[in-house]
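A short worksheet on the structure shown next.
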Amino acid sequence: MGLALPDDASAGPELAAEYAAAREREGRVMAILRALGPRAEVVRAFLELADAVLYGPAALGRRERELLALATSEANGADYSAGVHATLLSELGDAGEHDEALRAFARRLTLAPAEAEDAVAALQAHLSDPEVYDAVAVVGLLNLATRSALATGITVEDDLP
């Protein structure tokens, strides 16, 4: 038996407010928010970090950040996250010059974290230091998200309307 995902019936007032805000933004409560558990402050902090890392101003382009999110999700075998990020990436345009280096970095940092310094050095051959910092942030965020998704076994059917 897995973890019971919070829902509208089990959410306390603060989490219910986060779910209401998600419905305003997205038209639904994405399952990843439910996978973060019953603490509203965790959901809120995750959303703020995701907004900054994936969507905010950055040295690394929006498309490249989405590519890193997808590669990290795939490396973790997280189908829910991979599906979400594949859809978003498809909306952002064609292949970029550094795609393979970004994919390799996401895979290596995810699957072999002890090789992080070497992974960073390899990426620095293609990107500026501020862009590499952005890449590190994306992979770190997505490892949190994908591990939460995997631990709870969420699927798109777990999104709440």
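Go over the candidates Ser90, Ser128, Ser81 one by one and state the one that is hydroxyl-bearing (Ser, Thr, Tyr) and crowded, with 22+ Cβ neighbours inside 10 Å.
Ser81
Please verify whether region 5-13 includes one or more residues that are assigned to a helix (DSSP H, G or I) and within 15 Å of the chain's Cα centre (by Cα).
Checking region 5-13: not a single residue is assigned to a helix (DSSP H, G or I) and within 15 Å of the chain's Cα centre (by Cα).
One residue is enough: does region 89-108 have a residue meeting the conditions in contact with a Lys or Arg (Cβ under 8 Å, 6 or more places away or on another chain) and over 16 Å from Arg65 (Cα atoms)? Break it down into steps so the answer makes sense when it comes.
Filtering region 89-108 down to residues in contact with a Lys or Arg (Cβ under 8 Å, 6 or more places away or on another chain) leaves 89, 92-93, 96.
Still in the list and also over 16 Å from Arg65 (Cα atoms): none.
Within region 89-108, not a single residue is in contact with a Lys or Arg (Cβ under 8 Å, 6 or more places away or on another chain) and over 16 Å from Arg65 (Cα atoms).
Can you name every one of the helices (runs of 4 or more DSSP H) wholly within region 66-161 that holds 3 or more residues which are within 27 Å of Ala4 (Cβ to Cβ)?
The helices (runs of 4 or more DSSP H) meeting that bar are 79-90, 129-152.
Select from region 25-37 the residues that are of a type in the set (D, E, K, R) and either in contact with a His (Cβ under 8 Å, 6 or more places away or on another chain) or in contact (Cβ under 8 Å) with a residue 12 or more places away in the chain (or both) and list them in ascending order. Steps first, answer last, please.
Narrowing region 25-37 to residues of a type in the set (D, E, K, R): 25-26, 28, 34.
Listed by number, the residues that qualify are Arg28, Arg34.
Can you tell me which of Ala40, Ala59 is in contact (Cβ under 8 Å) with a residue 24 or more places away in the chain and either crowded, with 16+ Cβ neighbours inside 10 Å or in contact with a Cys (Cβ under 7 Å, 6 or more places away or on another chain) (or both)?
After ruling out the rest, the residue left standing is Ala40.
Scan region 45-57 residue by residue and report those that are of a type outside the set (A, V, I, L, M) and assigned to a helix (DSSP H, G or I). Even if it seems obvious, please write down each step before you answer.
We begin by selecting, within region 45-57, every residue of a type outside the set (A, V, I, L, M); these are 46, 48, 51, 55-57.
Scanning region 45-57 gives Phe46, Glu48, Asp51, Tyr55.
May I ask you to verify whether Val42 is at pLDDT below 95, within 22 Å of Gly153 (Cβ to Cβ), of a type outside the set (D, E, K, R) and in a helix (DSSP H, G or I)?
For Val42, the condition - at pLDDT below 95, within 22 Å of Gly153 (Cβ to Cβ), of a type outside the set (D, E, K, R) and in a helix (DSSP H, G or I) - is not met.
Does Ala16 fit the bill of being on the phi < 0 side of the Ramachandran plot and touching a Lys or Arg at 6+ places or on another chain (Cβ under 6 Å)?
no
The values are calculated or read from the model by the stated rules, or taken from the named source; none is laboratory data. Quick caveat: nothing in here was measured; it's all calculated off a predicted structure. All Cβ positions, even for glycine, are placed from backbone atoms using ideal geometry, and neighbour counts span all protein chains on display.
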